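The values are calculated or read from the model by the stated rules, or taken from the named source; none is laboratory data. This is a predicted model, so every value here is computed, not measured. Glycine gets a Cβ as well: all are built from the backbone with ideal geometry, and neighbour counts include every protein chain shown. Heads up: the accessible areas ignore ligands, DNA and RNA and are worked out on the full protein's heavy atoms, side chains in. Shrake-Rupley method; radii C 1.70, N 1.55, O 1.52, S 1.80 Å.
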Amino acid sequence: MKCPGQDTQYWNNEAIFETKCPECGADMEFFKDDTARKCKSCGKKIVNPKMDFGCAAYCQFADQCIANLPDEFIRQREDLLKDRVAVETKRYFKSDFRRIGHAMRVARYAEQIGKDEQSKKFDENRGRETDANLAVILSAAYLHDIGIKESERKYNSNAPKYQELEGPPIARGILEKLGAKQELIDEVCDIIGHHHHPRENETLNFKVLYDADLITNLEENQKEHLEKNEEPISRDRLEKIIEKSFLTESGRKKAESVLL
């Protein structure tokens, strides 16, 4: 069975079109279902500019559909997943905007810290790939507190130990529905299952999520104190927390810029 958008029986007179090669400017002709074509002038493989690959993040047939894409596009498949996870997180929490907002803020900080750590690690390794995986980090960021509702329903508590117990099965169901790879699902669920309690030797992915969550919790705590006309955490105490509690250098720097 073909994807309806690529089945020729649904095509119209726009199914074949011409475009310019972005490398050399030569004329190129594309069929609607071409994922990529080689420019006859310069030999560069060019991706179809009118094809939408967003569905590749969740379609179970994506490997068959996009297998002949350039490598950089195939590597982006997991990165596309994060947008779908964000949507599912919002659907799960429905009108609980406080928890949706918390998840979105953690994801924003996690992306910033993760990219900083990637750049730092890349430089240190002189070009070798970093072990920071933004698809894992952002999926874990959006889903890290996904067990709160079940914790409150079952135990009348949102204590970290209950969140960590109830979160992984829910996260696994969401990621499996979205067609995520098994290795990614397993790592995200492992992170969620102890995201408040670092182990002795943690992955960089865990450290980035932990730091992003800690920044968000401290930021929200400060705001809550101010809203209640209470004294917020002092600068001296914040400096000590930042010095001792964060797991990455990028996380510490981000905490200083946000909290101090």
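Quick notes on this structure:
Residues are listed down the side, and each one gets a yes or a no for (1) in contact with a Lys or Arg (Cβ under 9 Å, 6 or more places away or on another chain); (2) modelled with pLDDT of 95 or more; (3) outside any helix (DSSP H, G or I):
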position	(1), (2), (3)
Glu152	no, yes, no
Ser157	no, yes, yes
Gln163	no, yes, no
Gly167	no, yes, no
Ala171	no, yes, no
Glu176	no, no, no
Val188	yes, yes, no
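- Given (1) open to solvent by 20 Å² or more (accessible area, probe 1.4 Å); (2) in a loop (DSSP other than H, G, I, E, B); (3) at pLDDT 95 or above, number of the condition Tyr142 does not satisfy: (2)
- Residue within the stretch 236-243 that is within 20 Å of Arg105 (Cα to Cα), touching a helix residue (DSSP H, G or I) at 6+ places or on another chain (Cβ under 9 Å) and charged (D, E, K, R) present: no
- From the options His196, His225, residue that is under 18 Å from Val106 (Cα atoms) and either open to solvent by 30 Å² or more (accessible area, probe 1.4 Å) or not small (Gly, Ala, Ser) (or both): His196
- Residue within the stretch 133-146 that is more than 25 Å from Leu259 (Cα to Cα) and more than 13 Å from the chain's Cα centre (by Cα) present: yes
- Residues of the stretch 199-216 that turn out to be open to solvent by 10 Å² or more (accessible area, probe 1.4 Å) and either hydrophobic (A, V, I, L, M, F, W, C) or farther than 30 Å from Leu238 by Cβ (or both), as a count: 2
- Considering only residues in the stretch 1-53 that are of a type in the set (S, T, N, Q) and touching a helix residue (DSSP H, G or I) at 6+ places or on another chain (Cβ under 9 Å), the one that is modelled with the lowest pLDDT turns out to be Gln6.
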